[in-house]
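The values are calculated or read from the model by the stated rules, or taken from the named source; none is laboratory data. This one's a predicted model, so the numbers in the text were calculated from it and none came from an experiment. Quick reminder, even Gly has a Cβ in these numbers, built from the backbone with ideal geometry, and neighbours come from all protein chains shown. All accessible areas refer to the heavy atoms of the entire protein, side chains included, with ligands and DNA or RNA removed. Shrake-Rupley method; radii C 1.70, N 1.55, O 1.52, S 1.80 Å.
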Number of protein chains: 4
Amino acid sequence: MAPILKDIHMAYNLLKGKKGIIFGALDEKSIAWRTALRCHEEGAQLVLSNAPVALRMGEINKLAETVHAPVIGADVTNMDDLKKLFEETMKHFDGGIDFILHSIGMSLNVRKGKHYTEMDYGFNQKTLDISAISLHRVLRMAWEMDALNYWGSVVALTYIAAQRVFPDYNEMADAKALLESVTRSFGYHYGVRKKVRVNTVSQSPTRTTAGSGVKGFDGFITYAEKMSPLGNADGDQCADFVVTLFSDFTKMVTMQNLFHDGGFSTTGVTESVITQMEK
Amino acid sequence: MAPILKDIHMAYNLLKGKKGIIFGALDEKSIAWRTALRCHEEGAQLVLSNAPVALRMGEINKLAETVHAPVIGADVTNMDDLKKLFEETMKHFDGGIDFILHSIGMSLNVRKGKHYTEMDYGFNQKTLDISAISLHRVLRMAWEMDALNYWGSVVALTYIAAQRVFPDYNEMADAKALLESVTRSFGYHYGVRKKVRVNTVSQSPTRTTAGSGVKGFDGFITYAEKMSPLGNADGDQCADFVVTLFSDFTKMVTMQNLFHDGGFSTTGVTESVITQMEK
Amino acid sequence: MAPILKDIHMAYNLLKGKKGIIFGALDEKSIAWRTALRCHEEGAQLVLSNAPVALRMGEINKLAETVHAPVIGADVTNMDDLKKLFEETMKHFDGGIDFILHSIGMSLNVRKGKHYTEMDYGFNQKTLDISAISLHRVLRMAWEMDALNYWGSVVALTYIAAQRVFPDYNEMADAKALLESVTRSFGYHYGVRKKVRVNTVSQSPTRTTAGSGVKGFDGFITYAEKMSPLGNADGDQCADFVVTLFSDFTKMVTMQNLFHDGGFSTTGVTESVITQMEK
Amino acid sequence: MAPILKDIHMAYNLLKGKKGIIFGALDEKSIAWRTALRCHEEGAQLVLSNAPVALRMGEINKLAETVHAPVIGADVTNMDDLKKLFEETMKHFDGGIDFILHSIGMSLNVRKGKHYTEMDYGFNQKTLDISAISLHRVLRMAWEMDALNYWGSVVALTYIAAQRVFPDYNEMADAKALLESVTRSFGYHYGVRKKVRVNTVSQSPTRTTAGSGVKGFDGFITYAEKMSPLGNADGDQCADFVVTLFSDFTKMVTMQNLFHDGGFSTTGVTESVITQMEK
């Protein structure tokens, strides 16, 4: 039998001396939440940020206590909010920033139950702004304030719907494709200027509070599990992977979309799925 | 010596009996213009459409005369305009539509000389709407009015900047990535419903009036020429390729991004470029 | 209801004046067979070739009669055979060759029922030679004899197992990946020298005599059908697509792997598959 | 100024308790050599292996001393040698193996100065066997002997020539494409059976003794440097990245080709290259 029980994580001090901002920790199921915990265990200093409306839930304060981090609200579609966030963060750290996690996404059309072929274009514009252009806004504010240190690392979370259609994922597929393009485009400029790397991690479908809003999510997560030779990656495993991307071990990886998915992306079919098809 | 002189095109009646809309013919250098000519030669009936502001140039009327097509203005970010366009088109054709060419793109930030790291977000929103979401709008109006015939074919023009960074291409890279995602997303739904296929053609850099607005375009087009084993593809060659995608010979090709680029996309380096690097 | 009945093909003279070699027509289900028929209908002159052992079946003579083509046997792993084939072909055509279809593949380990993890390496070496390096051999003999005309076109058939794992496809996945690489590598050189283009077509799983040897093929073909928005492409549709690649409409497409698969390759999941998973 | 001086590496004990085999350390410039050093620093126990002919150079003994590892010769195209290697390794470790680095490649046609279009097919067969099928042989022997522990990790080094043509890279492009396919194919099976992950790292061109054999290597390495926003990745940086793939932080990454190239793979052109083109 495979020892697939949850690891008790060892700490290696991989991020000792590093300072970073984690966007998007909503509750303890969030990948951002798991990543904040792991970064803290690995020795990083953190600032947590989320949308003001999300902060009102209050959950994030538990995390803040655990990882000894201030919480600074910011609407990522608002440049003034971002400016304030970076100013306060640099003040708190007394200097520059080494890493950023962008785990931000929201589809208004999905929330409102609008089919892809019937989307509201005003909602769509907001979805793209919140879920994709927000990465440009964050990087651009960092760029203007020269907030990121040499060899800094930025990671945004994405999903394989940016490459292949998953019908219920709706307009978020387009938002993720846009996000991955912003990653490459800004990654180029920040790489040339300050050796900063920018990548996306394309994660298995994960049972987060955000994910569970997607219609047909259960049937889909089962399918993904059966289609992945290692099974679906969970939020803690994703956090581990992101830690390596923030560490000094991956300085030359940039402008990439990295699949963290148990092999889903390069599997055409599995015996397990074929068996199910024959039912 | 290679016979690379311009072909005198033969006509094969490849599109006989087919009816289509061509968006984006600005002047005789436009790929849309070249495509309209070729579609006409191959027996198709056409409707030409462009933005009202572009129509005011008046050039398109020459094309309209040559290909015996009405010109119907439409702002592709305006659903009322699109509705009117489809209504008039179906009336003109006395029935459904077989193909659509989407050759629409405009970057306000490029026009205004804004660097990618300093973009105006209002401009960017418009760029995405005009260059990418417009494809959704066109397909969605066709979908609502059931305007496309079974086995219809839709092609949108794109550029490899959607996959790799070309710094001067600026925000259009992100717009093209979004366009390609919309192609897949809507292609799925329209394929399931009516066997309609939707693809993008990723064309060599081409000396069009639109293309020439891009900074450093000359140096870049030379580089692309040296990096393509067959050289850069021109507008007439692109038109030929698009004709095959509108024909009945390609019914099962859908949701693809097809490189029409003389081999640029799969060439890492050429001897010609290496020689230049050693200067 | 969608009019998905088989088309009665019109002929357009798309290949009028063109001369080509078709490798691999075994019986009337073969894609090479269907392609030979379509090329003939479109006005091409043909030479048919297959392995001596396959010729002994005798089926190919029926095709030869229909398309008025000589049959010239050749073991594609034998340079002397290939030399003789090209010599006789050029004599028959009284000149150069415009196109070649490579539809050749055979897995000894699959035939012998060897699992991928237990392959016989001698068999594997033969599989790679027959299925992939054979394309190099054909192109190299054409190159040495300067047998291909300017703007010639070469197509090899492949399968998406070159990109994603389909367990029962076994070592043929590796052979197809090798074939696609040879396509790019030789495509570069032949493009620079004589504007010859070389591409692969990645076809839906097709019920050919060759395909039916693969274990679990039925379950798999059903899965592919459910996973393709347009359904699986059949052999005649593949033939149509290949005709466009041999025609003058696609001169600038080279070193590409072109999916002809009803959208399978860019579909992550369909509602039809999800429904099946919930059973 | 960017602090791009060589780092003095800290050790984090990332591989504490792990045991692995490193194939292909020829001399101190080899990526395998650098990786062995880093794995040792990170707490791993090692066995070094190389071809008998390479061992005769004697350089490897210096490395063996530094990392306290036995050297066990093995011709990777010989199953008996591999069996002996695994037997001795498991005896030395007193148990299973956690990771393997495959850094093995050799092109006989390049060595003999044969152009790609004039390759010797006997040489080519050996090139594929040594450079690509060897990974299958290593994994298959491990599979048969059940030598790899649960959650083991295997990395093979590759190059972007597997996706895009670099003319002087010759037949090695095809070998690398084959290697990457074997990675996916065997990765699937080993993933299902024992949660073992198998990946390739696609590294920047690196001035190793092996690399320097390639014609036009200097012109090319300059081009790659100019085309990578972060510059070319060096051997030590590659070693760092490989360490993360052997660690417990990346358990769900499998069947992937990971670019470790300073952004080369997603950069279409740079201002630095355009400037050079205008000379």
### Task
Report, for A:E28, each distance to the same residue's label point in the other copies, shortest first and in nm; define the point 7 Å along Cα→Cβ.
5.2, 6.8, 7.3
### Query
By the gyration tensor of its Cα atoms, with a ≥ b ≥ c the square roots of the eigenvalues, what is the shape of the range C:185-252: rounded for a/c under 1.5, prolate for a/b over b/c, or oblate?
prolate
### Message
Which of B:M106, B:M252, B:M90 ends up with the largest GNM mean-square fluctuation for chain B, with Cα atoms connected below 10 Å?
### Response
B:M252
### Task
Indicate, rounded to the nearest 5 percent, the antiparallel portion of the DSSP beta bridges found entirely in the protein assembly as shown.
0
## Note on the structure
Here the tail fraction of P(r) beyond 13 Å, over all Cα-Cα pairs of the range D:129-177, rounds in percent to 63
### Query
What spacing in nm lies between the two simple spin-label points modelled at C:Q125 and B:R111, each 7 Å away from Cα in the Cβ direction?
6.5
### Message
Could you sort D:Y190, B:Y150 by their accessible area in this structure, using a 1.4 Å probe and putting the largest first?
### Response
B:Y150, D:Y190
### Query
Say R0 is 25 Å: what FRET efficiency, to the nearest 0.05, do A:R207 and C:T222 get from their beta-carbon distance?
0.25
### Summary
Of the convex hull drawn through the C-alpha atoms of the range D:130-279, the volume per residue in Å³ is 114
### Query
What is the residue of chain A with the smallest Cβ distance to the axis taking A onto C, and what is that distance in whole Å?
A:K279, 3
#### Entry: For D:M145, inter-copy label distances in nm, listed shortest first [label point 7 Å out on the Cα-Cβ vector]
4.9, 5.7, 7.1
### Message
Just to check I understand the Karplus step: with θ = phi - 60° and J = 6.51 cos²θ - 1.76 cosθ + 1.60, what whole-Hz values come out for the range B:219-231, glycine and proline as x?
### Response
x, 6, 5, 5, 4, 4, 4, 5, 8, 10, x, 9, x
## Note on the structure
In the neighbourhood of A:G231 defined by beta carbon distances under 11 Å, the net charge of the other residues (Lys, Arg +1; Asp, Glu -1) is 0
### Message
Which residue fluctuates most in the GNM of chain A (Cα springs below 10 Å): A:I22, A:I130, A:I221?
### Response
A:I221
### Message
Only Cα pairs within less than 10 Å get springs; with that Gaussian network setup on chain A, which residue of A:L139, A:L85, A:L258 has the largest fluctuation?
### Response
A:L258
### Task
Determine the dipole magnitude for the range C:112-187: charges of +1 sit on the beta-carbon of Lys and Arg, -1 on that of Asp and Glu, nothing else is charged, the reference point is the Cα centre, and the result goes in debye to the nearest 20.
80
### Summary
When the charge dipole of the range D:193-279 is computed with +1 at the Cβ of Lys and Arg and -1 at the Cβ of Asp and Glu, the Cα pointing farthest to the positive end, of D:Q276, D:V242, D:N232, is that of D:V242
### Computed over the protein assembly as shown, the ratio Rg/Rh where both radii use C-alpha atoms and Rh is Kirkwood
0.95
### Message
Ignoring everything except DSSP H segments at least 4 long, calculate the 222 nm mean residue ellipticity for the protein assembly as shown; use -39,500 (n - 2.57) per segment, divide by total residues, nearest 500.
### Response
-12000 deg cm²/dmol
### Query
³J(HN,Hα) across the range A:89-99 via Karplus (A = 6.51, B = -1.76, C = 1.60, θ = phi - 60°), whole Hz, x for Gly/Pro?
5, 5, 5, 4, 7, 6, x, x, 10, 9, 8
### Query
Assigning unit charges at the beta carbon (Lys, Arg +1; Asp, Glu -1) and nothing else, what dipole magnitude in debye, to the nearest 20, does the range D:200-279 show about its Cα centre?
220
### Query
What is the Cα radius of gyration of the range C:173-213 over 2.2 N^0.38 Å, N being its residue count?
1.49
### Summary
The ³J(HN,Hα) series, computed from each phi in the range A:238-243 with the Karplus coefficients 6.51, -1.76 and 1.60 at θ = phi - 60°, rounded to the nearest Hz and given as x for glycine or proline, is 5, 4, 4, 5, 4, 4
### Query
Going out from 0 in 5 Å bins, what whole percent of all Cα-Cα distances in the range B:98-209 drops into each bin?
2, 12, 23, 22, 17, 12, 8, 4, 1, 0
### Task
List the residues whose amide H sits under 5 Å from the amide H of B:S202, counting only those 5 or more places along or on another chain, with H placed 1.01 Å from N in the peptide plane.
B:T158, B:L258, B:F259, B:H260
### Summary
Carbon/sulfur accessible area of the range B:72-128, % of total, 1.4 Å probe, equals 44
### Query
Which of C:K29/C:K91; B:K29/C:K19; B:K29/C:K91 have a Cα-Cα distance over 32 Å?
B:K29/C:K19; B:K29/C:K91
#### Entry: Per-copy distances of the D:G58 label point, shortest first, in nm (7 angstrom along Cα→Cβ)
7.1, 7.6, 8.8
### Query
Can you give the accessible area buried between chains B and A, summed over both chains, with a 1.4 Å probe, in Å² to the nearest 100?
3000
### Query
Taking a ≥ b ≥ c as the square roots of the eigenvalues of the Cα gyration tensor of the range C:70-123, is the shape rounded (a/c under 1.5), prolate (a/b larger than b/c) or oblate?
prolate
### Query
Does the range B:1-122 classify as rounded, prolate or oblate by the C-alpha gyration tensor (a ≥ b ≥ c root eigenvalues; a/c under 1.5 gives rounded; else a/b over b/c gives prolate, otherwise oblate)?
oblate
### Message
Test of understanding: what is the full-extension gain from B:E28 to B:E87, defined as 0.36 nm times their sequence separation minus their Cα-Cα distance?
### Response
18.5 nm
### Task
Taking the convex hull of the Cα atoms, report for the range A:222-279 its projected area averaged over all directions, in nm².
4.7
### Query
Which of the peptides A:264-270, C:77-83 is most tightly packed, and how do the rest follow, going by the mean number of other Cβ atoms within 10 Å of each residue?
A:264-270, C:77-83
### Query
Can you give the net charge of the other residues whose Cβ lies under 14 Å from the Cβ of C:S30, counting K and R as +1 and D and E as -1?
0
### Message
Suppose all protein chains stay in the model; what accessible area per residue would a 1.4 Å probe give for the protein assembly as shown, in Å²?
### Response
34
## Note on the structure
In units of 2.2 N^0.38 Å, the Cα radius of gyration of chain A is 0.98
### Task
Over the whole of D:191-200, what's the average partner chain Cβ count within 10 Å per residue? Rounded to a whole number, please.
4
### Message
Less than 10 Å Cβ to Cβ from A:A156, Lys/Arg counted +1 and Asp/Glu -1: what total charge do the surrounding residues give?
### Response
0
### Message
For peptide A:65-72, what's the mean number of Cβ atoms from other chains within 10 Å of each residue's Cβ?
### Response
0
### Query
Hey, quick one: spin label on B:N13, modelled 7 Å out along Cα-Cβ, who in the range C:34-56 has an amide N within reach, i.e. under 19 Å?
C:38-44
